[in-house]
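Visitor: One structure, pasted below without further comment.
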Amino acid sequence: MAEIAGRTTQPAAPAEPEPEARPRVVPAWIITTASVVGLLLLWQVLGRNINPVFGSYPSQIALAFVDLAASGKLWTALIESLQPFVVGYGLAILLGVPLGLVIGRFRFAEASLAST
């Protein structure tokens, strides 16, 4: 407390800070959705100029999906595509796991087979 001309005064209370104007924060899901929609629209517009041998645009892909699913050809093609994947995955497990164990156990195998 301070004393002025025989009076005691209380120190002035600090002024309350004015609330800061905070920028509005856009939720992440809105940014993500807008990005995906924007890219799909850009692909749709620019994709019409691409040779169909090299690619297509989203609406054409969706129509082809519906046609193939309705005709039953989609499921046949899916099974045919999954067969090499399953064979490759099985071979990777059968060869990769034992090889990894050998590399982990023997220093010579690690030095000769592992990349740095």
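The values are calculated or read from the model by the stated rules, or taken from the named source; none is laboratory data. Remember, predicted model here, so these are calculated numbers, not experimental data. Cβ coordinates were reconstructed from backbone atoms using ideal geometry, including for glycine residues, and neighbour counts include every protein chain displayed. Ligands, DNA and RNA are excluded from the accessible area calculation, which covers all protein heavy atoms including side chains. Shrake-Rupley method; radii C 1.70, N 1.55, O 1.52, S 1.80 Å.
Visitor: Residues that are within 30 Å of Ala62 (Cα to Cα) and either under 32 Å from the mean Cα position of the chain (by Cα) or not in a helix (DSSP H, G or I) (or both): does the range 88-106 have at least one?
Guide: The initial filter retains those residues of the range 88-106 that are within 30 Å of Ala62 (Cα to Cα), namely 88-89.
Now restrict to residues that are either under 32 Å from the mean Cα position of the chain (by Cα) or not in a helix (DSSP H, G or I) (or both): 88-89.
Scanning the range 88-106, I find at least one residue that is within 30 Å of Ala62 (Cα to Cα) and either under 32 Å from the mean Cα position of the chain (by Cα) or not in a helix (DSSP H, G or I) (or both), so the answer is yes.
Visitor: Something else: Identify all residues within the range 35-67 that are hydroxyl-bearing (Ser, Thr, Tyr) and exposed (fewer than 11 other Cβ atoms within 10 Å of the Cβ); write none if there are none.
Guide: The answer is Ser35, and nothing else.
Visitor: Does Ala28 satisfy the criteria of being free of Cβ contacts under 8 Å to residues at least 12 places away in the same chain and surrounded by 11 or more Cβ atoms within 10 Å (Cβ to Cβ)?
Guide: Answer is no for this residue.
Visitor: Which residue pairs have Cβ atoms under 6 Å apart, sit 6 or more places apart or on different chains, and have a first residue in the range 48-65 that is assigned to a loop (DSSP other than H, G, I, E, B) and a second that is open to solvent by less than 80 Å² (accessible area, probe 1.4 Å)?
Guide: Pairs that qualify, where the first residue is assigned to a loop (DSSP other than H, G, I, E, B) and the partner is open to solvent by less than 80 Å² (accessible area, probe 1.4 Å), are Arg48/Tyr57; Tyr57/Gln44; Tyr57/Gly47.
Visitor: Quick one: would you say Ala70 is without any contact (Cβ under 8 Å) to a residue 12 or more places away in the chain, open to solvent by 70 Å² or more (accessible area, probe 1.4 Å) and either out of contact with any Leu (no Cβ under 9 Å at 6 or more places or on another chain) or part of a helix (DSSP H, G or I) (or both)?
Guide: Answer is yes for this residue.
Visitor: Right, here's the next one. Picking from Ser115, Ser71, Ser59, Ser81, which residue would you name as being of a type in the set (Ser, Thr, Tyr) and modelled with pLDDT under 90?
Guide: Ser115
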